[in-house]
Structure formats: structure tokens, C-alpha cells
Amino acid sequence: MNTDWLDKYRPQKSSDVLGDKFYAKHINTFLGQFSDANLAKLAATKTVTKGPKGKKATKNVSGSKTAPAKKAPVTKANNKTKSLLMNPNLFIIGKNGIGKSLIVDILLQENSFEKITVNLANVIPAKKTKKTQKNEPIKTQKAPTGSSRSVDVVYASIAGNRNAMIKNGENTSINYAKSKSALVFDDISTISNSKEKEAVKALIKMNNKLRKFPIIIISNTKHNKLVNEIHKMVSYNILKEGKIEKTSNEIKMRPPDYQEIEKFVKHICKEEKLKLIDNKDEDQNIYEEIIFNSQFDIRKLIYSLEELKLLYEDDEPAGINHDKFRKYQESAKMKDIDPNIYEATELLLNQYTGISDSITLYSEERATIPLMIHENYPLNIKLNYPMLSALKQMEMICEISKNISESDKIDGIIYSHQCWNLQSIHGFYGCVMPSYHINKTPNKLSIKEKDRYVYAQDYTKTSTRKINNKVIRKSRENIFLKKMMTNDFLHITNILKKLLLNGEYDKIMEIILAHNITCKEMESIINIDRITKPKFILGTVARNVIKDKLKDAMPTKYVIKHGDKIKVVK
């Protein structure tokens, strides 16, 4: 189809873009970090903090040693270096067709940035393999062949991007000047290749460290593991009320308001002389019907108006009324919107629409949505049925939990016996029946509590349980721990944690030597009780102290004497 209207009504400046102006302001602030003035401040800060390099002591003519050059003292400016470029990566999330890529392109142009896109298929990410004796990971990667390039080369080429500048309009005298570049990853939720995913993460991670240019990542609202990982990678710490809190540098874009879209439609109709007429017996006006038919997708809205103009051009004096628009709707199908897991959970818990519709929502994420229902249905009952007694609420929870229990049994059969034809039955017990039972009681409030929903914890707890069982099974290979029960390991975990927090390393050594366990095994045992408590991280200082004490406690194998020096080998 001809896209003349789409180009014609494409905004030329950020102030013309439909939607909340906060999004443009946020992106402008982000790009402002890489302005020439800010980069000049950053360069000046580095110059102040650099200082002369330290040199070894050298002999002069007389034979006496000269003192080595001292490094410049660290100044306060050293702490300001990172604050000038605090957030080098920006994550933009929103539904399809609301103008995420459009506003990014316009603002990059207004801020004199060149948009760079990378063919991820040609990028070779680094891989961690073995470790050296000092526990330092060795990064290896395939040798680049053909057009393929390593992550380091791609990053360096973007950071040193240069544009040709032609003087006096002559091609013979070409100068190259460094330009401001911004790397843009558009619609990353569609990336399925594992190497391409690793390449994206490697470039973002490198930019977090080097901060040479802005990276903008654009995604839709579809649930995706890569999206969750990038969400964590673009986070940073802020000081709030004396406490350090982690926040993410992201923008969640929403569709424009109805009034703003209606004004935009009237502007197009006026420019194109497209006459829209309301029927007197209709409750909904023609503008409202067209906008809701487009599902607030601006691109689809412009296409629809152009199609209406072409279809009813001969009937222009009469105009387009509701009847003509409904005839157009018969041939123009509304786009299928795939709800994300939070939206699907809200639809199932707040409205029962029948078996087929519920199974369709279940099919979007067969493994995750039943778990989301299981995790969040008690909250839905509590918020939407305040008039019910506690006993009635418990009866409803009991009825739903029976169906979820059946779905869990079927899920086990599906994966243990590879019976994939039972998936619809799994969806029936896990989604359809809970949706029916939670909505069958009249006078439900149907509060939209999507923002309060939490991600299913079953995945993490299941994997933690398997890890704990593996640690306990391996620990029982030790003759001193062979007869210990699971509760005994939990008691040891609590004892070791308290001793570590109090710095009582001598008592820890007594336990380690009495049970003949290593520092690494002790750390694994400490983290057995991780389901109800966060992971315990053994600090570097504590680890080194324990290792030194273990080394001192080990018996001597042999002694090497070399002149006045004695080396004891443990």
C-alpha cells in the first residue's frame, strides 16, 4: 500500500509527537550527558586526576639512586568523573505502534546524533571458559571470518565513528570529522538467536564500563528473558533518604490520550477534505469508533483514514457515516494484540470470557501464566471481595487451589512422559477453572491491580531446591557429614552465618577442621537456606582470612632451604 499519508503526517520535530512530553524530556536529558560541553568537562576532569606516571628508581652519573616520581594525589574530581556520565544506556518499553522508534529518531536528529544499527549476526561475543590459578577467567572467542567482527572491534568502531566533510562542494578535498554516534537496538524482543542476544548484552556491559556513547534499547511489552536481563543491566544506584536504592534507567511509554488522537484525526480530515458524519441514533461518535478500531495504534489509524478516503472518494459530498465505516470494518480486520503475562493474568482473574478465550491466553505462555495465576489469585480475592467473610474467601481459595493442584499433576505428566497433547487440559485446570471460580461470585469490584502482581516465584524456588539437594548430596560424601539430616545442615548454616557476621574466625576454623571441609564447601553449605532468606555472600576479606588460617593449619609436606631463605610447602 502507498505510505504517502504516513510520511506526510510524520512529525518533523519532537513537540509535534503525540503522547506525554515527559518521554521526550527524559530522552533529551539522557542524550544531554553526551553533549560537547559535558564531554569537555569529563575530559578536563580526567586531565586533573591523571597526574604523572610513577617510574622506577634510576641511577644518576654519580651512581646514587634517584627517587621515583610520585603519583598525583586523588582529588574530589575523581568522584565526579562517573557522575557526569551516570547512565550510558536507556531502555524504552511500550506497545507496538505508539511511536517509540519515531521519537528516538527525531530526538537523535535534534541533538545532532548519528543513529547506528549493528548487524548482530556478524558480531562474535566473548565467552568465559576456564580459570587460571588466580581464579581469573580467560575470555576466548572465535577468530573473525569474512564480515564477522568481535564485540571489542564493533564498540571501538562506533566510538571512533567519523563522517566525511566535503569542503567547497568538491569531492577531491574530503576531511573526516568525528561525529556523535548513538547505538540503537530496535525491537529486541524479536531476537531469538542466542549469539545475537549475547552480543547485545556484551555491548551494553562494555558501555556500562567505558561510557563512550549512548545506547538506546527499544522493546515491546512482551515478556522475554532477554528483556529482563537488560532491565537489570541498565540499573544504577541512587541515594534516597540516606539509603542506597537501585533503580532502572528506563521509560515505559503509553499510548496517547483519546482527546489528543481525536484532535490529530480532525486535523487529517481537514487537510484531506475527508468528511466524517455522526448518525443521530448512535451512542458512539464516528471519531471514537475509528480510534477504538485502530486500538490506539497511530500507524494503523493513518492507514485506516487513507483507506476510507480511497474507498469512498466518489461519495465525498455525502461523507462517511457509521454504516459505511462498519462495511469497511468487515474487510479490515483488527490487529491481534498479544497481551504480556501481567495483562493476561489480569484478564483471567478479573473476567471470565469462556473456555476458548482463556485457553488462547494460556497458549501465549503455557509454562508461566498458570504460575502467575497461582502466585496472584489470593491478592485478587482479597482486593475484589471485601464484602465476603474470611470463611467465604477461604472456601474460594480452596476451590481454586484444588484445580491448580490438578494442573500441577498434569504438568508433571506432560514433561516426564512427553505427552504434549495434554497441554490444553493443563490450561483448563490451571487457567480456565481458576478464572471461572474467581469471577462467578456476583458484585466483584474488578479492581485493576496489574502493577501489584508479582512474577511467579516457583521457577526460582524449584531451581534453588534442586541446587540445595545437590549440595547436601555432595556434602554427605564426606565421612563426617554422612549421617546428617537436612535440618542438621540448616542448623550448621545458621551457626556459620552468625560466626561470620561476628568475625569469630577461630571458632569457624574449629568447625571446618573437625568436619574436614574446604572454604568452598562451607560457602555452599551456608547458602542451603536460600528459599526464605537472600543469598549469603562471603566477603573477600573473610574468605582470605579463612584460607590463610586453613593454610597455616595444614601439615608441612617438605621444607626447601636456599641460602638464608626457607620455603615451607604445605
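Nothing in this text is a laboratory measurement; each read-out follows from the coordinates by a stated rule. Note that this is a predicted model, so its numbers are computed, not measured. With ideal geometry, Cβ positions are generated from the backbone for all residues, glycine too; neighbour counts draw on all protein chains shown.
Report the FRET efficiency, 1/(1 + (r/R0)^6), for Asp257 and Ser331, where r is their Cβ-Cβ distance and R0 is 30 Å, rounded to 0.05.
Values: r = 29 Å, r/R0 = 0.97.
Efficiency computed from Cβ-Cβ geometry: 0.55.
Using a ≥ b ≥ c from the Cα gyration tensor of segment 471-553 (square roots of the eigenvalues), is it rounded, prolate or oblate, where a/c under 1.5 gives rounded and otherwise the larger of a/b and b/c decides, a/b for prolate? Write down the numbers at each step before the final one.
On the way: a/c = 1.83, a/b = 1.19, b/c = 1.54.
Here segment 471-553 falls in the oblate category.
Given axes a ≥ b ≥ c from the Cα gyration tensor, I'd like to know whether segment 341-456 is rounded (a/c under 1.5), prolate (a/b larger than b/c) or oblate.
Values: a/c = 1.99, a/b = 1.66, b/c = 1.20.
Prolate.
Is the C-alpha gyration tensor of segment 258-331 telling us rounded, prolate or oblate? Criteria: a/c under 1.5 is rounded; beyond that, a/b larger than b/c is prolate, otherwise oblate.
Working: a/c = 1.29, a/b = 1.13, b/c = 1.15.
It comes out rounded by the Cα gyration axes.
Separation between the Cys419 and Asn122 pseudo-spin-labels, each 7 Å from Cα along Cα→Cβ, expressed in nm?
If labels sit at Cys419 and Asn122, their model points lie 5.1 nm apart.
Length gain on complete extension for the stretch Ala390 to Ile359, per 0.36 nm per residue less the alpha carbon to alpha carbon distance? Please list the in-between numbers first.
Details: separation 31, 0.36 × 31 = 11.16 nm, distance 3.05 nm.
This chain segment gains 8.1 nm when fully extended.
What FRET efficiency comes out for the pair Lys547/Tyr455, r = Cβ-Cβ distance, R0 = 30 Å, nearest 0.05? Spell out each step's value before the answer.
On the way: r = 38 Å, r/R0 = 1.26.
About 0.20, to the nearest 0.05.
Using +1 at the C-beta of Lys and Arg and -1 at the C-beta of Asp and Glu, which of Ile492, Ile512, Val545 has the Cα lying farthest in the positive direction of the dipole of segment 471-553?
Sorting the options by dipole projection puts first Ile492.
If R₀ is 25 angstrom, what is the calculated FRET efficiency for the pair Lys240 and Asn208, using the beta carbon separation as r and rounding to 0.05? Can you show the working numbers first?
Values: r = 21 Å, r/R0 = 0.85.
Efficiency, rounded to the nearest 0.05: 0.75.
What list do you get for Trp420, Trp5 if you sort them by fewest beta carbons within 10 Å?
Working: Trp420 10, Trp5 18.
Ranked by crowding around the Cβ, least crowded first: Trp420, Trp5.
Dipole magnitude of segment 258-331 about its Cα centre, charges +1 at Lys/Arg Cβ and -1 at Asp/Glu Cβ only, in debye to the nearest 20?
With Lys and Arg at +1 and Asp and Glu at -1, about 200 debye.
Within a 10 angstrom radius of the beta carbon, how do Val227, Val104 rank from fewest other beta carbons to most?
On the way: Val227 19, Val104 23.
By the 10 Å Cβ count, ascending, the order reads Val227, Val104.
Rounded to the nearest Å, what's the spacing between the alpha carbon centres of segment 200-243 and segment 410-438? Just the number, please.
Cα centroid to Cα centroid, the span is 36 Å.
Would you mind checking which residues have amide H under 5 Å from Arg149's amide H? H placed 1.01 Å from N; only 5 or more apart, or other chain.
Val123, Ile124
What is the gain in length, in nm to one decimal, between Asn502 and Gln12 on full extension, counting 0.36 nm per residue of separation less the C-alpha to C-alpha distance? Mind dumping the intermediate values first?
On the way: separation 490, 0.36 × 490 = 176.40 nm, distance 6.33 nm.
Going from the current span to full extension adds 170.1 nm.
Given labels modelled 7 Å from the Cα in the Cβ direction, how far is it in nm from Asp283 to Ser112?
Each label point is offset 7 Å from its Cα along the Cβ direction, giving 5.7 nm.
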